[in-house]
Amino acid sequence: MRIVVLAGGIGGARFLLGVRAYAREVGAEVTAVVNVGDDLYLHGLKICPDLDSVLYTLGGGADSQRGWGRADETWTVKTELAAYGAEPTWFGLGDRDIATHLVRTNMINGGYPLSAVTTALATRWQPGVHLLPATDDRLETHAVVDLDGGQRAIHFQEWWVRHRAEVPTHRFVFVGAESAKPAPGVLDALGAADVVLVAPSNPVVSIAPILAVPGLREAVAEAPGRVVGVSPIIGGAPVRGMADRCLAVLDVECSAAGVGRLYGGRRAGGLLDGWLVAPEDEQAAVPEVTVRAVPLWMTDEAATAGMVRAAVELS
Ligand code: GDP
Ligand code: CA
């Protein structure tokens, strides 16, 4: 069996732990297509927050308390940069993490595409799944906000980390999406998929930018297997993080039903054949989509593998 997972950062990474466990059990092959909309350059370094969350989590090097970055992290470089007054100071750059960004940036400057760089980084972390960025091209999520007396577009990370999503926000724009191409391997993986799983990632700023790459949404719609999503919302609340703020920008109700309808049924021109929700959301109805309720707390690998099993069975 071939499983393709569309994934963002921490929700995607935790879900992939379960997918990998399930795949080992049944002998399946897993490809993760990961969001790059959060990627940015800081202090000359190319940073890929979602790819790093997935690499570190699957490679056993993530700080699970903090939810991002490396375990046993130290912050000497960040402190030194602050002593120079070097902006921006709002983004956490750990010393161990910086090594990843240095290796990545050197390779990008040397002409390697992000997909090749990701493969190279994966030789160290051995994630146990094929990791692909959605695209090798520049695709950045920006938020259009009211700030400093005018309307401005700011990078998603500035919106999320610096402003804690607390500025009046009109919409999100995926800069560069129109001319982006799916990274090598993405369309082949989708074309061969027995099942496509949409991780319980942020639908607005993790999954939507993946689907914004021309051809990618179509490839999911035409995948030979079925498409099953897992709700990132349990009982009306994002389990962790600020997905509610992102949904509010789109005027989408923060509920399992709201996100399910945002994705839409494949037979109705949307994305999904199946939608996995938590037991407290079992009433959630999405037109043309089979909804099933199972516990969706990704507390450990075994629980998450159980979610994955339910998702695959739903397909
Ligand atoms: P980010 O890129 O690091 O923000 O991570 P993602 O977009 O991949 O995932 C963030 C989403 O994961 C949040 O909006 C949460 O709703 C969701 N999430 C986190 N933990 C859990 C969990 O245990 N169960 C479910 N169903 N969703 C979760
Ligand atoms: Ca992210």
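The values are calculated or read from the model by the stated rules, or taken from the named source; none is laboratory data. No experiment lies behind these values; they were computed from the predicted model shown. Don't worry about glycine lacking a Cβ; one is built from the backbone with ideal geometry, like all the others, and counts go over all protein chains shown. SASA here: full protein model, heavy atoms, side chains in, ligands and nucleic acids out. Shrake-Rupley method; radii C 1.70, N 1.55, O 1.52, S 1.80 Å.
Taking only protein heavy atoms and a 1.4 Å probe, what accessible area per residue, in Å², does segment 15-115 have with all protein chains in place?
42 Å²
Ignoring ligands, DNA and RNA, what percent of the 1.4 Å accessible area of segment 181-315 is carbon and sulfur?
50 percent
Among 300-311, 81-92, 278-289, how do they line up by average Cβ neighbours within 10 Å per residue, starting with the highest?
Most protected by this proxy first, the peptides run 300-311, 278-289, 81-92.
What accessible area per residue comes out for segment 181-252, rounded to a whole number of Å², with a 1.4 Å probe?
Ligands and nucleic acids excluded, the figure is 34 Å² per residue.
Starting from the Cα of ALA192, move 7 Å in the Cα-to-Cβ direction to define the label point; list residues of segment 11-37 whose amide nitrogen is under 20 Å from there.
Zone members listed by number: 19-34.
LYS181 to ARG267: FRET efficiency via 1/(1 + (r/R0)^6), r the Cβ-Cβ distance, R0 22 Å, to the nearest 0.05?
Plugging the Cβ-Cβ distance into 1/(1 + (r/R0)^6) gives 0.20.
In debye, nearest 20, what is the charge dipole magnitude of segment 1-73 about its Cα centre with +1 on Lys and Arg Cβ and -1 on Asp and Glu Cβ, if you could check?
With only Lys, Arg, Asp and Glu charged at Cβ, the dipole is about 180 debye.
Answer with one residue from ALA284, TYR112, LEU45: the one whose Cα lies farthest towards the positive end of the charge dipole of the chain, charges on Cβ with Lys, Arg +1 and Asp, Glu -1.
TYR112
When only DSSP loop residues count, what chymotrypsin sites (Phe, Trp or Tyr not before Pro) in segment 212-315 have their Cβ near at most 15 other Cβ atoms within 10 Å?
TRP297
Starting from the Cα of GLU301, step 7 Å along the direction of its Cβ; do the same at ARG164; then give the gap between the two resulting points in nm.
A separation of 3.5 nm, rounded to one decimal place.
How high is the relative contact order of segment 196-315? Use alpha-carbon pairs under 8 Å, at least six apart in sequence, and give a whole percent.
24 percent
Assuming R0 = 41 Å, can you tell me the calculated FRET efficiency for the pair ALA248 and THR79, based on Cβ-Cβ distance, to the nearest 0.05?
0.70
For a quick protection proxy, order the peptides 195-203, 151-159 by their average other-Cβ count within 10 Å, most packed first.
Peptide ranking by packing, descending: 195-203, 151-159.
Quick check for me: using +1 on Lys/Arg Cβ and -1 on Asp/Glu Cβ, what's the dipole size of the chain about its Cα centre, in debye to the nearest 20?
Roughly 300 debye for the chain.
Do you know the relative contact order of the chain, to the nearest whole percent, from alpha carbon pairs under 8 angstrom that are 6+ apart?
That works out to 19 percent.
Assuming R0 = 51 Å, can you tell me the calculated FRET efficiency for the pair TYR112 and GLN283, based on Cβ-Cβ distance, to the nearest 0.05?
0.55
About the Cα centre, and with charges only on the beta carbon of Lys, Arg (+1) and Asp, Glu (-1), how big is the dipole of segment 72-134? Nearest 20 debye, please.
Once rounded to the nearest 20, the dipole reads 260 debye.
Accessible area per residue, 1.4 Å probe, Å², for segment 257-315: what's the number?
That works out to 46 Å² per residue.
Relative to the longest principal Cα axis of the chain, at what angle does helix 301-314 sit, 0 to 90 degrees, rounded to 10?
That works out to roughly 50 degrees.
Given a 1.4 angstrom probe, I'd like the percentage of the accessible area of segment 1-76 that is carbon and sulfur, rounded to a whole number.
The C+S portion of the solvent-accessible surface of segment 1-76 is 46 percent.
Antiparallel as a % of all DSSP beta bridges within the chain, to the nearest 5?
Of all bridge pairs located within the chain, approximately 40 percent are antiparallel.
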